[in-house]
Amino acid sequence: MPEKRYLFTPGPTPVPPEVLAVMAEPVVHHRGPDFKVTYERCLARLQEVFRTEHDVLLFTASGTGAFESAVANLVDPGERHLVVSAGNFGERWADLVGAYGADLVHLRLPWGESPSPDALAAELERSGPVEAVYLVHSETSTGVVADVEPLARVAKEAGAIVVLDAVSSLGAVPLETDAWGIDVVVSGSQKALMAPPGLGMVSVSPAALAARGSSPRYYFDWERTQKAQRKLDAPFTPAVTLVRALDVALGLILEEGLQDAFDRHVRLGRACREGIKAMGLELASPDEDRSAVVTTVRAPEELDVKSFLLDLRDRLGVQLIGGQGEWAGKVFRIGHIGYFDLFDITTALAAVEDGFVHAGIPVDRGVAVSAALNAFEHARA
């Protein structure tokens with residue numbers, strides 16, 4: 001196994017040295033004055049990144065824990081809820097909503113398709129009133145980043161609470177929680193927020209709080225967490241070290257500036273896509289600037305994706321990831337969210353070239369890196 005490791009998955013993602021450094025400091029007590037200063041600052045920074053004036057509730061959990069908090073608080077068994085899915089994480093919304101006993105309306109689109117406002121409006125007209133509409137912003141299983149603003153508008157016009165999975169999009173692509181009328185946004189620490197896995201967060205509008213249902217809940221109860229956070233006293237022992245790490249990571253994002261972070265991700269996405277195309281490979285994710293989170297590549301028929309990815313990891317120390325669900329074995333994915341720069345992209349592309357050669361698939365060495373450098377420079381100009 002190579003000593004140097006390179007992580008190019010859509011999550012977890014690389015963690016900056018400043019974030020790693022604070023995790024090496026002594027553990028502090030979660031009810032002590034030192035942690036309360038960090039906790040207050042971290043919650044305020046989350047509001048800035050979420051682009052909301054409302055509470056952002058912080059849970060020691062994965063992003064899926066934030067998912068479940070939304071469903072546990074909003075679903076009454078038997079109520080009609082609508083899920084839009086076009087990939088693995090839309091299916092996760094459907095599974096959770098169904099598990100809590102909702103009358104599920106499932107607008108299931110082909111994997112890789114970008115949901116349209118017209119399709120959502122038509123489904124709402126067919127289904128009749130629904131309590132909530134669940135959307136995915138960045139579907140990392142396919143690489144599609146949906147245009148959620150018009151989708152949210154359609155859902156709000158139908159009188160529904162709007163719930164958004166922004167686990168991989170928050171901090172990478174524009175998201176205006178309040179301005180776009182999104183009631184609930186869920187996210188996690190381990191993607192564009194550049195922190196280790198283990199923290200889930202959810203922004204909650206007053207309308208969403210008022211719509212809370214009767215499903216059993218305790219740890220993920222929004223009201224309990226909101227009341228405690230407003231006193232800077234978490235209802236349960238939080239992962240104090242991870243909260244301190246997230247606070248540092250959020251500070252780095254805000255120091256860079258959200259718009260500059262979005263622009264950087266656009267340039268990285270362009271560079272990666274142009275490098276892939278230069279090798280003669282076909283994109284499975286859209287060739288558009290909004291797809292700045294992950295680049296999904298259709299694997300040549302002769303490529304054994306699993307063996308190819310293991311070769312890159314074991315021989316070169318480069319960790320890419322394959323497809324999920326119905327795309328397993330058919331694609332591989334290059335994540336470029338969070339702590340990434342141009343030379344990370346060229347490293348990933350050079351590894352793909354070398355892996356193809358090692359697998360006996362002809363490719364012109366260097367074409368991908370050259371195309372990526374040119375695309376990045378052109379985008380910056």
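Couple of notes before you dig in:
- Taken over the Cα atoms of region 258-380, the convex hull encloses 97 Å³ per residue.
- Using the Cβ-Cβ distance between L258 and R41 with R0 set to 25 Å, the FRET efficiency works out to roughly 0.90.
- For region 161-173, Karplus couplings with θ = phi - 60° (6.51, -1.76, 1.60), whole Hz, Gly/Pro x: 6, 9, 10, 10, 7, 10, 4, 9, 8, 4, x, 10, 10
- With respect to the chain, whose longest principal axis is taken over its alpha-carbon atoms, helix 148-157 is tilted by about 30°.
- Cβ crowding within 10 Å, taken as a proxy for footprinting-reagent exposure, orders T295, T237 from fewest neighbours to most as T237, T295.
- Lysine pair count for the chain with Cα-Cα distance under 22 Å and sequence separation of 8 or more or different chains is 7.
- Over the residues of the chain, the helix contribution to mean residue ellipticity at 222 nm works out to -13000 deg cm²/dmol, using -39500 (n - 2.57) for each DSSP H run of at least 4.
- Distance (nanometres) between label positions extended 7 Å along Cα→Cβ at N374 and E53: 4.9
- Annotation: amide H-H contacts under 5 Å for R80 (H modelled 1.01 Å from N, sequence separation of 5 or more, or interchain): D103, E131.
- Alpha-carbon Rg/Rh ratio, for region 57-193, with Rh computed the Kirkwood way: 0.92
- Shape annotation for the chain: C-alpha extents along the principal axes are 59, 56, 38 Å, from largest to smallest.
- Using a Förster distance of 30 Å, the FRET efficiency for A21-F343 (Cβ separation, nearest 0.05): 0.85
- Across region 234-297, the convex hull enclosing all Cα atoms gives 129 Å³ per residue.
- Rounded to 5, the percent of DSSP beta bridges in region 129-218 classed as antiparallel: 45
- Stretching D314 away from R126 to a fully extended chain increases their span by 62.6 nm, per 0.36 nm per residue minus the current alpha-carbon distance.
- Projecting the Cα atoms of V186, G251, V266 onto the charge dipole of the chain, computed from C-beta unit charges around the Cα centre, puts G251 farthest toward the positive end.
- Within the chain, percent of DSSP bridges classed antiparallel, to nearest 5: 50
- Helix 367-380 axis, angle to the chain major axis (alpha carbon atoms, nearest 10°): 50
- The string of couplings for region 179-192 from the Karplus curve (6.51, -1.76, 1.60, θ = phi - 60°) is 5, 8, x, 8, 7, 9, 10, 10, 8, x, 7, 9, 10, 5 Hz, one whole number per residue in order, with x for Gly and Pro.
- For region 264-275, putting each phi into the Karplus relation 6.51 cos²θ - 1.76 cosθ + 1.60 with θ = phi - 60° gives couplings of 4, 5, 4, 5, 5, x, 4, 4, 5, 5, 5, x Hz, in residue order, rounded to whole numbers and with x for Gly and Pro.
- Relative to the longest principal axis of the Cα atoms of the chain, the long axis of helix 240-256 lies at roughly 70 degrees.
- Distance from region 332-353 to region 223-253 (C-alpha centre basis), Å: 31
Throughout, read-outs are computed from the coordinates displayed, never taken from laboratory work. Note that this is a predicted model, so its numbers are computed, not measured. Positions of Cβ are backbone-derived with ideal geometry, glycine not excepted, and every protein chain shown enters the neighbour counts.
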